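The values are calculated or read from the model by the stated rules, or taken from the named source; none is laboratory data. Predicted, not measured: the structure shown is a model, and the values here were computed from it. Cβ sites come from the backbone with ideal geometry, for glycine too, and all protein chains shown count toward neighbours. Side chains are part of the model used for accessible areas, which takes the heavy atoms of the whole protein and leaves out ligands, DNA and RNA. Shrake-Rupley method; radii C 1.70, N 1.55, O 1.52, S 1.80 Å.
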Amino acid sequence: MSRILVGSAPDSWGVWFPDDPQQTPYTRFLDEVASAGYRWIELGPYGYLPTDPDKLADELAQRDLSLSAGTVFEHLHQSATRGDDAWNSVWTQIEDVARLTAAVGGKHVVVIPEMWRDPATGAVLEDRNLTAEQWRQKTQGMNELGRAMFEKYGVRAQYHPHADSHVDTEENVYRFLDGTDGEFVNLCLDTGHISYCGGDNIAIIRHAPERIGYLHLKQVDPEVRAKVEAEDLPFGEAVKLGAMTEPPRGIPDMPPLLAEIERLGVDVFAIVEQDMYPCDPGSPLPIAQRTRSYLRSCGVPAVRFT
């Protein structure tokens, strides 16, 4: 029987940056995520949690927490604003995250494509569509990164499709999977971003069950999504409008999705995320508590919190 190991992440506490006065201090995040009943967390943006492995391990141990994954962004294709040293630039970031993740027992690094427009200002940074050569650079680069981080640090690359990026829609997810090697690169299926971009999460699971290596559990408000689509709003503005909402208020429907994952017969992390930057510091904890209770009520035996 599979285990769906549910945790949470700094993102659910409104954390998008290593250091920002609008964000919840890391000690409060750790205290509250533990008090909400979660035992697995992610690093969040590198530098938000302590980067000294001994200090981080101590902070986690004090609260009976463990690390499931680190997170990095990639821009592996050449563009007008990027030179031909993209791989080395990304690898430098990945080394920091992979080293820290492995040092405290984590086994995964979630890799997110950088966005083609600025999430804060909406400024267009590059064309929203990649050329065939840029796709080759991205997928080949991810194969090399996935192999390197596993061989050097023992962590697995889990690729995270993202709104306003080049790997966004269901079609582009399949194109990415077709161009990458499942031995070293698999999918962090973010249920909210897939739905936000008009995709079908269950269809993706059924299309490539062997590539589902990690989950982010998230729901989207369909009314906000419709406004975003009609007005072509940038992701940052959509988040401020409440695009990502706590379950069961949005889509996709969680019980059938979790049941589909359970049928895979594998152990997989499922990290709850609710993009809420910026947010009132008092909001995340009660949302996290309600979300945990809701997921327990979905009737899927594989859902575990320890």
Reachable lysines, given that their alpha-carbon falls under 20 Å from the alpha-carbon of Lys138 and they are not under 8 places away in the same chain: none
So how strong a dipole does the chain carry about its Cα centre when Lys and Arg Cβ are +1 and Asp and Glu Cβ are -1, to the nearest 20 debye? 940 debye
Ranked output for segments 152-162, 204-214 by mean other Cβ atoms within 10 Å, highest leading, reads 152-162, 204-214
From the residues Gly179, Trp16, Thr291, which one has its Cα farthest along the dipole of the chain in the positive direction, the dipole being from +1 and -1 charges on Cβ of Lys/Arg and Asp/Glu about the Cα centre? Thr291
Once amide H atoms are built 1.01 Å from N in the peptide plane, which residues 5 or more positions from Ile271, or in another chain, come under 5 Å H to H? Gly7, Leu215, His216, Leu217
By the gyration tensor of its Cα atoms, with a ≥ b ≥ c the square roots of the eigenvalues, what is the shape of the stretch 153-306: rounded for a/c under 1.5, prolate for a/b over b/c, or oblate? oblate
If a/c stays under 1.5 just call it rounded; otherwise compare a/b with b/c (prolate if a/b is bigger, oblate if not). Do that for the stretch 4-304, with a ≥ b ≥ c from the square roots of the Cα gyration tensor eigenvalues. rounded
With -39,500 (n - 2.57) per DSSP H segment of 4 or more residues and division by the full residue count of the chain, the 222 nm estimate, nearest 500 deg cm²/dmol, is -12000 deg cm²/dmol
Per residue accessible area in Å² of the stretch 216-306, where ligands, DNA and RNA are left out and the probe is 1.4 Å: 44 Å²
Kindly work out what percent of the DSSP beta bridges joining two residues of the stretch 4-304 are antiparallel, to the nearest 5. 15 percent
Helix by helix, which DSSP H runs in the chain go 15 Å or more along their axis at the Cα atoms and have an average Kyte-Doolittle hydropathy of 1.0 or more? none
Could you check how much of the accessible area of the stretch 4-304 is carbon and sulfur, as a whole percent, using a 1.4 Å probe? 48 percent
Could you tell me the center-to-center distance, by alpha carbons, between the stretch 174-221 and the stretch 266-298 in angstrom? 20 Å
Return the long-range amide H neighbours of Met244 (sequence gap of 5 or more, or a different chain), with a cut-off of under 5 Å between placed amide H atoms. Asp221
